[in-house]
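In what follows, a structure is listed as structure tokens, so that the remarks can point back to it.
The values are calculated or read from the model by the stated rules, or taken from the named source; none is laboratory data. Being a predicted model, the structure only gives us computed values, none of them experimental. Heads up, the Cβs are rebuilt from the backbone with ideal geometry, glycines too, and the neighbour counts pull from every protein chain shown. Ligands, DNA and RNA are stripped out before the accessible areas are found, and what is left, the full protein with its side chains, is counted by its heavy atoms. Shrake-Rupley method; radii C 1.70, N 1.55, O 1.52, S 1.80 Å.
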Amino acid sequence: MNLNDNIKKILVTQEQIEKRCIELAKELDKDYCDKKPLILSLLKGSMPFTVELTKYMTIPLEYDYMRASSYHGGTVSCGNVAVSIMPSTNLQGRNILIIEDIIDTGTTLSTVVKILEELHPASIEIATLLDKPSRRIVADIKPKYVGFVIPDEFVVGFGLDYDELYRQLPYVGVLKEEVYKK
């Protein structure tokens with residue numbers, strides 16, 4: 001099976017992702033020039049974006065990881081957020097930059113931010129590859145750094161999955177409905 005055959009259309013090309021990551025990296029270098037941010041990547045989907053974005057950053061930074069999900073194998077957020085991996089770094093007084101693959105309803109990030117605030121960081125900001133504001137339920141989740149605003153379509157690729165597949169595609173594409181509406 002060729003995963004590309006299940007893609008209805010490409011929304012964001014590999015070249016567009018690279019270009020936008022270079023632009024965001026310059027902005028982050030400026031904003032965090034003397035803050036040594038902790039890049040907190042939300043597993044699993046944000047890994048490609050984290051790598052692509054930070055490879056263009058030139059300031060000192062650290063990585064850590066957290067795993068939280070509200071999809072649980074479906075195509076829409078179920079609203080029940082499960083956190084299975086917490087950061088291993090002491091977050092008190094740190095400038096945290098959460099890296100997310102996509103913000104949809106905002107439910108997952110709202111839970112993550114609340115958990116992190118209890119650990120007393122100096123600041124928390126959000127960078128997302130994709131923002132889908134038309135689906136936002138949690139109004140207070142507003143990413144400071146956005147790669148692309150996309151329409152309300154089910155997307156995969158560049159870290160985003162359906163049933164743990166399609167993450168390795170180098171672009172973001174709309175999955176054909178017949179794939180997930182069986």
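Residues in the range 162-179 that are part of a loop (DSSP other than H, G, I, E, B), modelled with pLDDT of 95 or more and open to solvent by 20 Å² or more (accessible area, probe 1.4 Å): Arg167, Gln168, Pro170, Tyr171, Lys176.
For the range 1-96, give me every one of the strands (runs of 3 or more DSSP E) that falls completely inside it and has 2 or more residues that are modelled with pLDDT of 95 or more and either charged (D, E, K, R) or open to solvent by less than 80 Å² (accessible area, probe 1.4 Å) (or both).
On the way: elements: 7-12, 38-43, 62-69, 82-85.
By residue number, 7-12, 38-43, 62-69.
Return the total of residues in the range 97-113 being farther than 14 Å from Leu42 by Cβ and open to solvent by 40 Å² or more (accessible area, probe 1.4 Å).
Filtering the range 97-113 for residues farther than 14 Å from Leu42 by Cβ gives 105.
Among the residues that remain, those that are also open to solvent by 40 Å² or more (accessible area, probe 1.4 Å) are: none.
Of the residues in that region, 0 qualify.
Of the residues making up the range 105-123, those that are in contact with a strand residue (DSSP E or B) (Cβ under 8 Å, 6 or more places away or on another chain) and not in a strand (DSSP E or B) are Thr108, Leu109, Thr111, Val112, Val113, Ile115, Leu116, Glu117, Pro121, Ala122. Evaluated against (1) assigned to a strand (DSSP E or B); (2) aliphatic (A, V, I, L, M); (3) touching a helix residue (DSSP H, G or I) at 6+ places or on another chain (Cβ under 7 Å), Ile102 falls short on exactly one condition, (3). Annotation: Asp161 fulfils all but one of (1) closer than 21 Å to Leu24 by Cβ; (2) of a type in the set (D, E, K, R); (3) in contact (Cβ under 8 Å) with a residue 60 or more places away in the chain; the unmet one is (1). Residues in the range 124-140 that are within 13 Å of the chain's Cα centre (by Cα) and not in a strand (DSSP E or B): Lys132 alone. If you go through the range 114-164 and keep only what is under 17 Å from Lys44 (Cα atoms) and β-branched (Val, Ile, Thr), you end up with Ile126, Thr128, Val155, Val156.
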